[in-house]
Number of protein chains: 2
Amino acid sequence: MNEKRRTIFFISDGTGITAETLGQSLLSQFESKVEFDRQTYPYVDTLEKAQQVRDEINHAEQRDGMPPIIFDTLVDPQVRDTVSSANGVMLDVFQTFLKPLETALMSESAYSVGRSHSVNTHRGYERRIEAVNFALDNDDGARIRYYDQADLIVIGVSRCGKTPTCLYLAMQFGIKAANYPLTEEDLDSPQLPGLLRKHKSKLFGLTIDPVRLQAIRAQRKPDSRYASSHQCHFEVNEVEAMYRREGIPHIATTDQSVEEISTQLLATTGLKRQYL
Amino acid sequence: MNEKRRTIFFISDGTGITAETLGQSLLSQFESKVEFDRQTYPYVDTLEKAQQVRDEINHAEQRDGMPPIIFDTLVDPQVRDTVSSANGVMLDVFQTFLKPLETALMSESAYSVGRSHSVNTHRGYERRIEAVNFALDNDDGARIRYYDQADLIVIGVSRCGKTPTCLYLAMQFGIKAANYPLTEEDLDSPQLPGLLRKHKSKLFGLTIDPVRLQAIRAQRKPDSRYASSHQCHFEVNEVEAMYRREGIPHIATTDQSVEEISTQLLATTGLKRQYL
């Protein structure tokens, strides 16, 4: 028995993403103190599947000598009762929050199996896919003639995190973000490239610690001028000077997750997030 | 005053993604009954920002004639108290779940401001970015020589949803997914293309309702043979026959969100999700 190692179950009748997101966020408050062994069970929407999961939980309890922790978003009462009869500690999202929410909204909730996870409407789906395609089509300065349609144009030196940021903004928020790599040539000029100047209000700059940039570039092209310390320092210095000179809002991506970069970008630009 | 229209606040000292994900999931249980006006306030980590948000909530309450609903993941007690002094109904994620979790884990939580949202470690970040780059480099059959390194190869006809699925798997789970479009030529042959046969155990098929496919293709290339009813029906029939003949696991993407497709794909293949 190891008190510092616990099994975690994320269980849902849908994708399990809500249970996972919530659970991960809560568990991060205990990191470094307890080690977690995580498992997700999506689409638990029949009694039979519920019984299987119950057996899995009991098995883990036997093995660990400690009750597993269960984060669930199950709406069917029979399914939920079956899972909750296992030897685990159950943190039930709907059970906990739906009652106070019904009271506050003076309305009954749907409580239909799987309903909770069909948040993405057809319209929402199309909007996100359209935004992802936009990000791909307008990646890395590949095309610039659609900048009129862009909600945002992310700029920065090569390998500072532009593409993942644009894709995340598209996928999560339905935002159409193009991106344009600032090259040495662009940086040598005292002015913003003309094609960017036209869209100045849409520009958002990323920057990065030059040492980190060097490490990333070296993985891609070892021993190149491109990945040299001198080149990375030069480009980052120049790009930051340009942002300041032109008054372009910008943030550093170093040590930040794509979620953090995207959230800061939204907060800085005031771009509206879509609730899809 | 409109009882069927309510203002929703997602408030966090981090990105707000946990509060949003949880809140959206709960609110979807009331959709069609109540209309929601949603707002997210990330990085509320000072007393000053907390006071601003409190004023916003009170303002919304005045305007709506009904108390707003607040989903929060605030850890700092002073910040949280300030927000909770507003005229709203507060559903507090940490307050609600951290105590039972501390008891179950026999350990105290960190409760450090912002900590809850730094789930993405450096290692996790790199793994995701690497997976996103892999998906981009191996998109649409662009390259096949890295299929050895792929966790998964998603196949299907053009515009059935392969690229967004691969990108989501990369971003969310750090899975390296290549994708390969099955063309008419591939479908005419009685056998799987040779380059796919070698990696048969990694193949996963997507399919789609031909009428829906037609609509998607028509947006891209109106009045083309590619978007014709006949062509779409032909390709979908052939591809589904191939999946059955070759025993390739597959799902239909019609009317499903990227999250749902990805979750089903993981469940069907048994591919391990990474908790990043």
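The values are calculated or read from the model by the stated rules, or taken from the named source; none is laboratory data. Computed from a prediction, not measured in an experiment: that's the story for all the values here. Virtual Cβ from ideal backbone geometry, glycine too; neighbours counted across all protein chains shown. Surface areas here come from the heavy atoms of the whole protein model, side chains and all, with no ligands, DNA or RNA. Shrake-Rupley method; radii C 1.70, N 1.55, O 1.52, S 1.80 Å.
The requirement of being open to solvent by 40 Å² or more (accessible area, probe 1.4 Å) and touching a residue at least 24 places away in the same chain (Cβ under 8 Å) is fulfilled somewhere in region B:204-213, by at least one residue.
Table: residues versus (1) within 14 Å of another protein chain (Cβ to nearest Cβ); (2) more than 15 Å from residue A:160 (Cα to Cα); (3) aliphatic (A, V, I, L, M).
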| residue | (1), (2), (3) |
| --- | --- |
| A:193 | no, yes, no |
| A:240 | no, no, no |
| A:254 | yes, no, no |
| A:258 | yes, no, yes |
| A:265 | yes, no, yes |
| A:271 | yes, yes, yes |
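A single entry from A:86, A:60 fulfils the requirement of being over 18 Å from residue B:100 (Cβ atoms) and surrounded by 16 or more Cβ atoms within 10 Å (Cβ to Cβ): A:60.
Of the residues making up region B:32-85, those that are aliphatic (A, V, I, L, M), more than 9 Å from chain A (Cβ to nearest Cβ) and under 26 Å from residue A:260 (Cβ atoms) number 9. Residue pairs whose Cβ atoms lie under 6 Å apart, separated by 6 or more positions or on different chains, with the first residue in region A:132-158 and closer than 13 Å to residue A:174 by Cα and the second assigned to a loop (DSSP other than H, G, I, E, B), are A:134/A:176; A:150/A:176; A:151/A:175; A:151/A:176. Considering only region A:9-34, state which residues are touching a helix residue (DSSP H, G or I) at 6+ places or on another chain (Cβ under 9 Å), in a loop (DSSP other than H, G, I, E, B) and polar (S, T, N, Q). Within region A:9-34, A:15 is the sole residue that qualifies. Here residue A:6 passes the criteria (1) farther than 23 Å from residue B:15 by Cβ; (2) in a helix (DSSP H, G or I); (3) open to solvent by less than 10 Å² (accessible area, probe 1.4 Å) except the one numbered (2). Count of region A:168-191 residues, restricted to those that are without any contact (Cβ under 8 Å) to a residue 60 or more places away in the chain and buried (at least 19 other Cβ atoms within 10 Å of the Cβ), is 8. Within region A:35-60, being part of a helix (DSSP H, G or I) and touching a residue at least 40 places away in the same chain (Cβ under 8 Å) holds for A:53, A:56, A:57, A:60. Please verify whether region A:178-189 includes one or more residues that are at pLDDT 95 or above and either in contact with a Leu (Cβ under 8 Å, 6 or more places away or on another chain) or in a helix (DSSP H, G or I) (or both). Yes, region A:178-189 has at least one match. Is it the case that residue A:235 is part of a helix (DSSP H, G or I), out of contact with any Pro (no Cβ under 6 Å at 6 or more places or on another chain) and open to solvent by 40 Å² or more (accessible area, probe 1.4 Å)? Against the criterion (part of a helix (DSSP H, G or I), out of contact with any Pro (no Cβ under 6 Å at 6 or more places or on another chain) and open to solvent by 40 Å² or more (accessible area, probe 1.4 Å)), residue A:235 does not qualify. Give the residues of region A:132-165 that are surrounded by 21 or more Cβ atoms within 10 Å (Cβ to Cβ) and within 21 Å of residue A:235 (Cα to Cα), sorted by residue number. Within region A:132-165, A:153, A:154, A:155, A:156, A:157, A:159, A:160, A:161, A:162, A:163, A:164, A:165 meet the criteria. None of A:257, A:228, A:262 is in contact with a Phe, Trp or Tyr (Cβ under 8 Å, 6 or more places away or on another chain), open to solvent by less than 40 Å² (accessible area, probe 1.4 Å) and either in contact (Cβ under 8 Å) with a residue 12 or more places away in the chain or under 18 Å from residue A:190 (Cβ atoms) (or both) except A:262.
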